Each structure stands twice: as C-alpha cells, then as structure tokens.
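Undergrad: What follows is a structure written as structure tokens; I'll ask about it next.
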C-alpha cells in the first residue's frame, strides 16, 4: 500500500486562496505549501471544509490537489479530501486524486440526512474498495447526534486494510477515543478536529495528530510536541495564548474563513482575504476584534 510514513502531529487544513475575482490563486497556494514545509509540517489536507470545498467545482477540487502535490514535490504528504454525498462522485474524485499523486485520501461521512449505520457502512465500504492501495482517512462530524460507532469502526478496519485514519469531531470524546484505540489495537490512527480545541485533553489518550486551521498550525505543532514529551506546563502556557483566536473563529464556518485568511494576510502569506460568496461580512467591531486577535498570534509566532 502506498504511503511514505504514518501521519502524525499537526495536519493542517490548507485554505483555498482566491484572487479578487474569486478565481483560485495558484501562486498563493504554492506559497502556503512552501510555508508548511519550512515550518516542519509533515502533511497537509485540502480541499476540506476549511478550504471552502463546498464552494468549489469538482474540477477545482482536483486542481488544488494537483497544485499542492506539484509544489510539495515529496517534501510533505498531501491528504486529498474527496467529499461528496453521492458515492459515485466521491469515488470518481478520490480516484482522480490518487492519479494526481495524493498520499492519503480523506472522506467525510455524509450527514445531510440521518441514515442508519448499515447505509453508512455500505457507503464507506465501497469507497475503500475503490482505492484499495491508498490509505484512507475517514472524517465524521454529526451535528444531529454521535459519530460512527466503535463497532462499525472495528468492522471496517477488519474488512478494509486501507482504513488507516479516523478524525472525529465531537465534544467530550476522550472516553470514545480510548474505546476505539482499545478495540482496534491502535491500528486506526485517531486525529482530533475542532480546530485543535480539545487537543490537550486528547493527546494523552493516544491520538496521533490534530487537524486544525492553517494559520496557527506551526504554533499547535509546538504545543503537540510539548504535550507528547510530557512538558505539560509549557504546552498549556502556549496553548492558552492561541486559544482565544481559535475559540472565536470556530463560532461559525464562514467566520472561520474570514478570520483565517485575515491571519494569513497578517503573516504575509496571502495578498487578500477573499472568501467566495456567499461569505461572512463582519461589522466594524468584529473586524477590529479579529485584527486584535490575529495581531496577538503574529506576535506569538515571533516568540517561537
């Protein structure tokens, strides 16, 4: 099975940069990939929710993966998100991403409507079977209830060798993570989402990594390393400095896009903070507060 090394540490979601006319900004995307390499990030993911994937055409989704693979040139791994509620379309996109050179394929469980786990298992099983030689990362966020069960996770692991990673996004999930690790013998690597908000709680349970936003990824990589190494006071001290920005941005996905791109502008990585419409438009007080939060992050990065 194709994969250079196991995913670990921080695997940030790369935003999709746009020009003033909302076209994909290839040069800016290449700069983001170079930045990740320079900061020691070993893998990135795109196009995911934090990449505005739901505003991209299928051709554009493949385009950003191709650009990222080309710019990475083997220096870091590319996790290619292949989300679609239609299994046929998800498979088509996944296979195209594999052909483009992606190292890992990621898929979010469709949660548009409530479905029994038998339906979810059928969807995921056929997806795994469509790219049997490529590692797959399953992502599950279920606003209407709990994420996929430990039993289903174990069944899928036993039946599909390329089910390698799982990213769950739900509060108070430490006990479930511990159950999954015990049931799978650690064969399915667990990653934490939610912008990294719960990483200090979950690292001791055995998660292999975190998938946060891109703008704070180098800071959270430091936090992850400190916590893994038992330097807990340093990990908490650093995390506390970045948490206000993460917590504020996660109130709303469209707000997150705005905050993230404003931060990347402040860090000199983007020329604009264009978010594809329909987009969040901040009032003056919100814009001022976002600027204040992001300026604190920029100062913090200079201390690392």
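The values are calculated or read from the model by the stated rules, or taken from the named source; none is laboratory data. Because the structure is predicted, anything quoted here is derived from the model rather than measured. Reconstructed Cβ throughout: ideal geometry from the backbone, glycine too, with neighbour counts over all protein chains shown.
Undergrad: Would you be able to say whether some residue in segment 210-229 is on the phi > 0 side of the Ramachandran plot and either crowded, with 23+ Cβ neighbours inside 10 Å or over 20 Å from the mean Cα position of the chain (by Cα) (or both)?
TA: Within segment 210-229 (the criterion being on the phi > 0 side of the Ramachandran plot and either crowded, with 23+ Cβ neighbours inside 10 Å or over 20 Å from the mean Cα position of the chain (by Cα) (or both)), the answer is no, since none of the residues qualifies.
Undergrad: Could you say whether any residue in segment 97-104 is out of contact with any strand residue (DSSP E or B) (no Cβ under 8 Å at 6 or more places or on another chain) and closer than 20 Å to residue 35 by Cα?
TA: no
Undergrad: Taking only segment 182-200 into account, find how many residues are farther than 18 Å from residue 247 by Cα and either out of contact with any strand residue (DSSP E or B) (no Cβ under 7 Å at 6 or more places or on another chain) or crowded, with 21+ Cβ neighbours inside 10 Å (or both). Talk me through it step by step, then tell me what you get.
TA: Residues of segment 182-200 farther than 18 Å from residue 247 by Cα: 182-191.
Adding the requirement that they be either out of contact with any strand residue (DSSP E or B) (no Cβ under 7 Å at 6 or more places or on another chain) or crowded, with 21+ Cβ neighbours inside 10 Å (or both) leaves 182-187, 190-191.
Looking only at that region, the number is 8.
Undergrad: Something else about it: Assess whether residue 27 counts as being closer than 25 Å to residue 206 by Cβ and surrounded by fewer than 16 Cβ atoms within 10 Å (Cβ to Cβ).
TA: Against the criterion (closer than 25 Å to residue 206 by Cβ and surrounded by fewer than 16 Cβ atoms within 10 Å (Cβ to Cβ)), residue 27 does not qualify.
Undergrad: Same structure again: Is it the case that some residue within segment 269-278 is surrounded by fewer than 20 Cβ atoms within 10 Å (Cβ to Cβ) and modelled with pLDDT under 95?
TA: no
Undergrad: So, one more: Residue check: is residue 68 outside any strand (DSSP E or B), under 17 Å from the mean Cα position of the chain (by Cα), surrounded by 24 or more Cβ atoms within 10 Å (Cβ to Cβ) and at pLDDT 95 or above?
TA: yes
Undergrad: Residue 78: closer than 21 Å to residue 259 by Cα and either part of a helix (DSSP H, G or I) or touching a strand residue (DSSP E or B) at 6+ places or on another chain (Cβ under 9 Å) (or both), yes or no?
TA: no
Undergrad: Across segment 1-24, what is the number of residues that are modelled with pLDDT under 95 and surrounded by 18 or more Cβ atoms within 10 Å (Cβ to Cβ)?
TA: Looking only at that region, the number is 0.
Undergrad: Among what's in segment 42-59 and is without any contact (Cβ under 8 Å) to a residue 40 or more places away in the chain and in a helix (DSSP H, G or I), pick the residue that is farthest from residue 141 (Cα to Cα). Break it down into steps so the answer makes sense when it comes.
TA: First, the residues of segment 42-59 that are without any contact (Cβ under 8 Å) to a residue 40 or more places away in the chain: 42, 46-47, 51, 53-54, 57-59.
Then drop every residue that is not in a helix (DSSP H, G or I), which leaves 51, 53-54, 58-59.
Details: 51: 16, 53: 16, 54: 15, 58: 22, 59: 25 Å.
The selected residue is 59.
Undergrad: Among 235, 249, 284, 288, which is the only one that is at pLDDT 95 or above, crowded, with 18+ Cβ neighbours inside 10 Å and more than 17 Å from the chain's Cα centre (by Cα)?
TA: 235
Undergrad: Mind counting the residues in segment 133-150 that are under 23 Å from residue 92 (Cα atoms), surrounded by fewer than 16 Cβ atoms within 10 Å (Cβ to Cβ) and without any contact (Cβ under 8 Å) to a residue 60 or more places away in the chain?
TA: Qualifying residue count for the region: 1.
Undergrad: Mind listing whichever residues of segment 8-40 are in a loop (DSSP other than H, G, I, E, B) and either free of Cβ contacts under 8 Å to residues at least 12 places away in the same chain or within 26 Å of residue 58 (Cα to Cα) (or both)?
TA: Correct list: 11, 12, 14, 15, 16, 17, 19, 20, 21, 22, 23, 25.
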